[in-house]
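The next block holds one structure in the form of structure tokens; read it before the comments.
The values are calculated or read from the model by the stated rules, or taken from the named source; none is laboratory data. Here the structure is a predicted model, which is why all the values come from computation and not from measurement. Virtual Cβ from ideal backbone geometry, glycine too; neighbours counted across all protein chains shown.
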Ligand code: HH2
């Protein structure tokens, strides 16, 4: 890759809205250009890349490749959460804490000294979270939003950030739970309850990130509606993580299998970015970083250019207001 010659990075670095405290005294600023969280699945059965990175050397190589492609953070997971249902047949089998750690531990041990990027560990299990934090992980990504009280305890003790993702039921039953009168309203209420659970367990609210859980106890249009109504979830006041990469609603819209969902994943990532997502969890880091660079450049042009306001029919007098709107979308 050659170095970009039109670099708007400095102009898009708006002041961050949130700052997460990482172990070791580092800070993670969120709320400017969305950060890219690169997925490393150390699993035999993940829905899009199961088995590719199960070998520790290959997993570390993949993680470092994602770092080289511009990932801001890395997410290590050793248990697939593939739901049961039409798209993927039987759901992923739950994995014991011992097996999860047997997969994750060797990767973390090798990766930690090899990169300065923050490492998140994607686990629902307190014991695995505790061991991962002791081995140098920086944050915990919990797709069950603290179903295991031991995980809440481990996070509270470490004082590290935690991602609280919305879901219902288990991989085997989540499809049956995908019943909502108003999906955005109910997800928002259940995320608010997760925040309350976190605080009751001694986790600092300022260390939380919320996630609508795209594809988790949601089917088809429910995912679209959640993405369309992200700003309503943002009203909870915490940064949002969005994980739409390669998911089955993209296949339903495009007719493509997981390996061919890059275009759909990029469209969803940019949509979420424009609606305030602070972190994008993706498999395809290089292409997401490239798409975000173009999107951010366009945002800057929209803010800076008076002609953009003119084109909107807004007139010179409302250029500032048009800019404010675009700046709002930037964060
Ligand atoms: N999605 C998956 C796993 N972890 N974590 C968060 N916070 N948000 C998500 O949307 C999310 C997640 C599922 O994707 P993947 O890891 O690729 O698949 P699998 O669970 O089959 O390993």
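On inspection, residue 55 does not qualify as under 20 Å from residue 247 (Cα atoms) and either more than 20 Å from the chain's Cα centre (by Cα) or within 11 Å of the ligand (Cβ to nearest atom) (or both). Mind counting the residues in the range 105-137 that are assigned to a loop (DSSP other than H, G, I, E, B) and surrounded by fewer than 24 Cβ atoms within 10 Å (Cβ to Cβ)? Residues in the range 105-137 being assigned to a loop (DSSP other than H, G, I, E, B) and surrounded by fewer than 24 Cβ atoms within 10 Å (Cβ to Cβ): 6 in total. Count of the range 239-258 residues, restricted to those that are closer than 24 Å to residue 141 by Cα and out of contact with any helix residue (DSSP H, G or I) (no Cβ under 9 Å at 6 or more places or on another chain), is 3.
Scan the range 124-143 for residues that are farther than 14 Å from residue 161 by Cβ and under 14 Å from the mean Cα position of the chain (by Cα) and jot them down. Listed by number, the list holds a single entry, 143. Of the residues making up the range 137-150, those that are touching a residue at least 24 places away in the same chain (Cβ under 8 Å) and either away from the ligand (no atom under 14 Å from the Cβ) or touching a strand residue (DSSP E or B) at 6+ places or on another chain (Cβ under 6 Å) (or both) are 137, 138, 139, 141, 143, 145, 148, 149, 150. When the range 265-280 is filtered for residues that are surrounded by fewer than 19 Cβ atoms within 10 Å (Cβ to Cβ) and either without any contact (Cβ under 8 Å) to a residue 24 or more places away in the chain or in contact with a strand residue (DSSP E or B) (Cβ under 7 Å, 6 or more places away or on another chain) (or both), only 267 remains. Within the range 51-65, being surrounded by 14 or more Cβ atoms within 10 Å (Cβ to Cβ), in contact (Cβ under 8 Å) with a residue 40 or more places away in the chain and part of a helix (DSSP H, G or I) holds for 56, 59, 60, 63, 64. Cβ-Cβ distance below 6 Å, separation of 6 or more or different chains: which pairs start in the range 217-228 with a residue that is at positive phi and surrounded by 21 or more Cβ atoms within 10 Å (Cβ to Cβ) and end on one that is modelled with pLDDT of 95 or more and in a helix (DSSP H, G or I)? Pairs found: none.
Is it the case, given these coordinates, that residue 36 is within 14 Å of the ligand (Cβ to nearest atom), under 30 Å from residue 176 (Cβ atoms) and under 22 Å from the mean Cα position of the chain (by Cα)? Taking the combined requirement at face value, the residue does not satisfy it. The condition of being closer than 26 Å to residue 74 by Cβ, in contact with a strand residue (DSSP E or B) (Cβ under 8 Å, 6 or more places away or on another chain) and within 11 Å of the ligand (Cβ to nearest atom) holds for only one of 227, 240, 233, that being 240. How many of the residues in the range 243-262 are under 18 Å from residue 289 (Cα atoms), part of a helix (DSSP H, G or I) and within 12 Å of the ligand (Cβ to nearest atom)? Residues flagged as under 18 Å from residue 289 (Cα atoms), part of a helix (DSSP H, G or I) and within 12 Å of the ligand (Cβ to nearest atom) within the range 243-262 amount to 0. Scanning the range 70-90 turns up one or more residues that are in contact with a helix residue (DSSP H, G or I) (Cβ under 8 Å, 6 or more places away or on another chain), more than 13 Å from the ligand (Cβ to nearest atom) and touching a residue at least 40 places away in the same chain (Cβ under 8 Å).
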